[in-house]
Structure formats: C-alpha cells, structure tokens
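Below you'll find the structure, written out as structure tokens, and then a few comments.
The values are calculated or read from the model by the stated rules, or taken from the named source; none is laboratory data. All figures in this text were calculated on a predicted structure; none of them were measured in a lab. Positions of Cβ are backbone-derived with ideal geometry, glycine not excepted, and every protein chain shown enters the neighbour counts.
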Amino acid sequence: MSDEPTGPTRRDTLKYGGAVAAGGLLAGCAGGSGETTPTGTGEYSVSMAPMGEVTFDGVPETAAVHDAVWADHLVALGQQERIVSLGWPDRYYTGYYDQLPGVSFDTSDLPSMWSDGLPRELFYELDADVHHLDPCRWLSFDSGWNRADFDEVEDNVGPFFANRFSRAHSDPPEGECTENYEYYSVWELAEKFSQVYRVQNRGEQLRTVREEMVADIEGRLPPESERPTVALVVYNPDSETFGTYEINGPGFAKAHYRPLEPVGAFADSDRTYANDYSDVDLEQMLEVDPDVIVHHWDIEPSERYEALLDLDDHSVGGELTAIRNDRVYVGGTPMQGPIFNLFQLDGRTADLPRRVRRVPGRRLDAG
C-alpha cells in the first residue's frame, strides 16, 4: 500500500469533511453545549456485563476512572469534567484532542488510581458516584482484591461500570465473571456510556464518520496477495524477545487495524496473546520474517521502539526484512474509545504521525 494519500486525506474527513465530528459534534466537549447536557432525573438503570443491571440515582457527577479507554469514552460524550482519577494521569495522551476545536482534557491535577496496586482508601477519598473499572479484571490476577472488597466499595461508595475483557475477548476469571461476561465493540460501549450519562450518543455519530473512513480505506486496498505480512509486537530489549499479537484478533484493541485487512504474520501461529502466549526470540522472528513490524501500545515512539530500530546493527535483527526496509512503525494504543479509534485508524495526524520510522540522515521521520 502506498504511503501517499490520494485526494482528501482521511484526517480531512475527520476534522473537516466530518465537521459533525470536529465542529458540531465535539465542539461542546469542553462544556457549555446544550447537546452535552445530561437530561432526565430520578432513578434509572443501565445493563453492562459483567455487572448486570447497574442502578443510578441520577446522572453521576463524578467518575473514578482507571483504564484510559473509559476516559476517552467520556471525552467523546463531553463528560470529561466528571473524571476525578486516572490509572496513570501523566501517561494519558491528549494530543488527539488538541487537534479538535473546542475539545480539551486536563489530566494534570488528577490523582492516580495506581500505587503499586489499587489502594482501597482512595475509593473512599474520591467518593465518586461511579467507578469505571472492571472488577473481573482485578480478580483475574493476584491484585489483593476479592469479590467482597468490590462489593463493599459498591455498597459504601458507588457502583462499577466497565468491561475490560472486551479489549481482546480474552477469558475472564472462572465463576461469576465467566457466567455473566459479554463482549462489546467500541461503539456498543459508547452507547452504554451515553445511557449512563443520559446524553445523546455522539459515539453513534462518530461511528458514521468511521464508516466513511473505512469505505475509503477499503476502496484503496490492494489484493490480499499483494499486501505485506505484518507482525504486531512489543519488543523487550533486555531479553531481545518479542511479545506477539494477532493483528486481526477480536476486541476494541485491534479496531484500528482490522479495517486495513492486514495479512497477519502470526495468523497461523500459537505464539500470540490471543492463544497460549510465549515470547518469540530474534531467530524465531527471522523465521517468520514479516514485511512490516508494528509496535503495539506506542502512540509516541518509546524506548522499546527505539531499541527495535537499533536492531539494524544486530547480527540477527539486522537481517529482518522490516528492519532492512525501514518498515517499522508505532501502532497506537489498544486502550481506545471513539476518538482514539478514529485518529488511530486515520493514521495521519497533523502533529504526530501514527507511523514513525527511521530513515537515512534522520533519527525519526513520518511515514
């Protein structure tokens, strides 16, 4: 596929041609637009697996957020002023919002919900009306929390409302989580959140913009036989190994890759996070030898990404086709709500290209 756009770019569709998204639809995200004002009073309930029917006495005035994906959903609905925490506020990327007129999200004063674990006392200090955090996620590993702990917070502070395993359609822990779990797309989650905050589902309007972008992409895709093989990875320079993912796998984590219909380098392998995972070393990667390597989780180039580029001087890594041909790219974050998804699918932002690579004479350059 060519790196050069033909005609109006997909970013033009998002920011200008899709003026409903940037100008009209999102102009009220900083507050003040009647379109974003929650309507209705009194008790109501919203269904969300694995919680089931979650009852609200009124529209939540404050929301404790852990995973970045839920913050993006609230920004898309113009409800970011309600957010009172993030998992890692200093790592939350706001560059996409900066490119949309009237949209902003200041994370500088938000407390972190992560402090070598999930601090119980913080839930009481925040005293949030709703917690956008999936208890099943924390019950799936040794987090120090059990079901009774979450029930206590729900009874004494406020309900939980999130669905973390929709990210990759991975298996929740056995028991109640397995029995009640369902998986949702980005846009189904947007509808759920719009019901919680009782606002117009602007996620559905953003979805319309996305469909136009996808149609443009599909119209320019080469035949499958002419497409490069793509490895979606996270590189560990300490062990010189790759954590590999199936790029066409299910879940909102891959929602910006699937429309490109890439030929997954590990599509027929059991060495991905979608299956029984094991690291792939440099020799094993060379056996697969993908045409393109995409570094997962990076919106901006990370130290791991830089180390991946440095493999061009490695006796084995330097033999990789993707390294030799400068076809190594940052791929964006899997923790994406509606706005992140649109920009990461678009792949051509004004200030930060989604795809970044090394070229002769320069350390990094836009692809």
Review point. If you go through segment 49-72 one residue at a time, do you hit one that is assigned to a loop (DSSP other than H, G, I, E, B), out of contact with any His (no Cβ under 9 Å at 6 or more places or on another chain), modelled with pLDDT under 65 and of a type in the set (S, T, N, Q)?
Key: no
When restricted to Gly264, Gly251, the only residue on the phi < 0 side of the Ramachandran plot, of a type in the set (Gly, Ala, Ser) and buried (at least 18 other Cβ atoms within 10 Å of the Cβ) is Gly264
query: Any residue at all in segment 310-330 that is touching a residue at least 60 places away in the same chain (Cβ under 8 Å), over 29 Å from Arg210 (Cα atoms) and within 20 Å of the chain's Cα centre (by Cα)?
result: no
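Conditions (1) under 23 Å from Leu122 (Cβ atoms); (2) at pLDDT 95 or above; (3) of a type outside the set (A, V, I, L, M), marked per residue:
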{"position": "Val153", "(1), (2), (3)": "yes, yes, no"}
{"position": "Val157", "(1), (2), (3)": "yes, yes, no"}
{"position": "Glu182", "(1), (2), (3)": "no, yes, yes"}
{"position": "Leu189", "(1), (2), (3)": "no, yes, no"}
{"position": "Arg207", "(1), (2), (3)": "no, no, yes"}
{"position": "Ile217", "(1), (2), (3)": "no, no, no"}
Reported set for segment 95-123 where residues are surrounded by 13 or more Cβ atoms within 10 Å (Cβ to Cβ) and of a type in the set (Ser, Thr, Tyr) is Tyr96, Tyr97, Ser104, Thr107, Ser112
Restricted to segment 134-153 and to residues being touching a helix residue (DSSP H, G or I) at 6+ places or on another chain (Cβ under 8 Å) and assigned to a loop (DSSP other than H, G, I, E, B), the residue nearest to His73 (Cα to Cα) is Asp134
If we keep only residues of segment 130-169 that are touching a residue at least 40 places away in the same chain (Cβ under 8 Å) and of a type in the set (Gly, Ala, Ser), then the residue nearest to Tyr245 (Cα to Cα) is Ala168
In the set Ala162, Ala148, the lone residue that is within 26 Å of Gln195 (Cβ to Cβ) and modelled with pLDDT of 95 or more is Ala162
_Flag for Ala274 being modelled with pLDDT under 95, in a loop (DSSP other than H, G, I, E, B), among the hydrophobic types (A, V, I, L, M, F, W, C) and more than 27 Å from Tyr93 (Cα to Cα)_ = no
Review point. Could we say that Arg355 is surrounded by fewer than 22 Cβ atoms within 10 Å (Cβ to Cβ), at pLDDT 95 or above, basic (Lys, Arg) and within 29 Å of Glu287 (Cα to Cα) here?
Key: no
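Tally the residues that are within 19 Å of Asn156 (Cα to Cα) and either in contact (Cβ under 8 Å) with a residue 12 or more places away in the chain or buried (at least 19 other Cβ atoms within 10 Å of the Cβ) (or both), restricting the search to segment 45-61.
Qualifying residue count, segment 45-61: 10.
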Of the listed residues (Val199, Val234, Val230, Val186), the one being over 19 Å from the mean Cα position of the chain (by Cα), crowded, with 17+ Cβ neighbours inside 10 Å and within 25 Å of Ser170 (Cα to Cα) is Val230
Listed by first then second residue, the pairs whose first member lies in segment 219-233 and is assigned to a helix (DSSP H, G or I), whose partner is among the hydrophobic types (A, V, I, L, M, F, W, C), with beta carbons under 7 Å and at least 6 positions apart or on separate chains, are Glu224/Val263
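Determine if segment 140-163 includes at least one residue that is within 30 Å of Pro262 (Cα to Cα) and not polar (S, T, N, Q).
Looking for residues that are within 30 Å of Pro262 (Cα to Cα) and not polar (S, T, N, Q), one finds at least one in segment 140-163, hence yes.
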Checking Ala307, Ala265 in turn, the sole residue that is within 30 Å of Asp67 (Cα to Cα) and touching a helix residue (DSSP H, G or I) at 6+ places or on another chain (Cβ under 6 Å) turns out to be Ala265
Subset of segment 318-352, residues within 29 Å of Ala71 (Cα to Cα), modelled with pLDDT of 50 or more and among the acidic types (Asp, Glu), comes to Asp346
Going through (1) within 28 Å of Glu246 (Cβ to Cβ); (2) at pLDDT 95 or above one by one, Pro89 fails only at (1)
